[in-house]
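Take a look at the structure below.
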Amino acid sequence: MTIFEQVKSELNMLDVVRFYGATVSHEMCLCPFHNEKAPSMKLYEKNFHCFGCGEHGDVIDFTAKIFGISSVEAVKRLNFDFGLHIEMDKPFSAEQITEYQQRQSERLSYNQWEKSAWEAITDYSKLLCEWRQKYAPKAMDEKHHSLFVESLMNTDRTDYLFEEFLNTDKSGRLKLKEEVERIEQRLQQYKSPVKKRTHASR
């Protein structure tokens, strides 16, 4: 086990965030990485995710970013602040640092997908609400507009996706990847419809 893993195994994300000054309620807090009035940072046992700015990571990432220090310095600070008494005299090996950097790169890639997925679900949910209001039938015998029907069929599902994103971990969110891709395709189709030909083909 690397020193990075030792530190992470010893600490809980909520304890670290509280220790460094955040007020936590229902595992949510104001994100310290961007200005906001309503809490958008979700805290899990071992990591955090901000649904406002997309920041995501573990206790080491959080500490490094909030103090503007490197991951190595963040590990040392957590070890000292929380009295973990993990031996730090030996220098970090190149393998340890490389391994952590690789995990950071993988995490960044996932974070970008997660932010994009959240935005897609949010945009689609807004469209469904808009369609339901705009295309609601004015009379009982009026034929239902296809977008109104779509809003009726998919609103509950988007609500479910919101709940899954807020209450499950990374593996749970990744299970929704195919469904999110379908939503992204639907948004693209709606925003960039196939243009009808304005001139008759010769």
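Among residues of the range 115-134 that are within 14 Å of C53 (Cα to Cα), those with a Cβ under 8 angstrom from a residue that is among the basic types (K, R), sequence gap 6+ or separate chain, pair up as A117/R173; A117/K177. Taking the criterion of being surrounded by 13 or more Cβ atoms within 10 Å (Cβ to Cβ) and either touching a residue at least 60 places away in the same chain (Cβ under 8 Å) or of a type in the set (A, V, I, L, M, F, W, C) (or both), the residues of the range 93-107 that qualify are Q96, I97, E99, Y100. Going by what's in this entry, would A64 be described as in the same structural domain as V7 (by TED's automatic domain parsing), aliphatic (A, V, I, L, M), in contact with a Phe, Trp or Tyr (Cβ under 8 Å, 6 or more places away or on another chain) and buried (at least 16 other Cβ atoms within 10 Å of the Cβ)? So A64 fails the test. A single entry from E142, E114 fulfils the requirement of being in contact with a helix residue (DSSP H, G or I) (Cβ under 9 Å, 6 or more places away or on another chain) and among the charged types (D, E, K, R): E114.
If you filter the range 171-181 down to residues that are in a helix (DSSP H, G or I) and surrounded by 13 or more Cβ atoms within 10 Å (Cβ to Cβ), you find that the one that is modelled with the lowest pLDDT is R173. Could you tell me whether the range 16-24 includes any residue that is touching a residue at least 40 places away in the same chain (Cβ under 8 Å) and among the aliphatic types (A, V, I, L, M)? Scanning the range 16-24, I find at least one residue that is touching a residue at least 40 places away in the same chain (Cβ under 8 Å) and among the aliphatic types (A, V, I, L, M), so the answer is yes.
Only one of K8, K42 is outside any loop (DSSP other than H, G, I, E, B), under 15 Å from the mean Cα position of the chain (by Cα) and either of a type in the set (F, W, Y) or under 29 Å from S116 (Cβ atoms) (or both); which? Don't jump to the end; show me each part of the working.
On the way: K8 fails: under 15 Å from the mean Cα position of the chain (by Cα).
Every option except K42 fails the conditions.
The values are calculated or read from the model by the stated rules, or taken from the named source; none is laboratory data. What you are looking at is a predicted structure, and each value in this text was computed from that prediction instead of being measured. Note: ideal-geometry Cβ built from the backbone for every residue, glycine included; neighbour counts use all protein chains shown.
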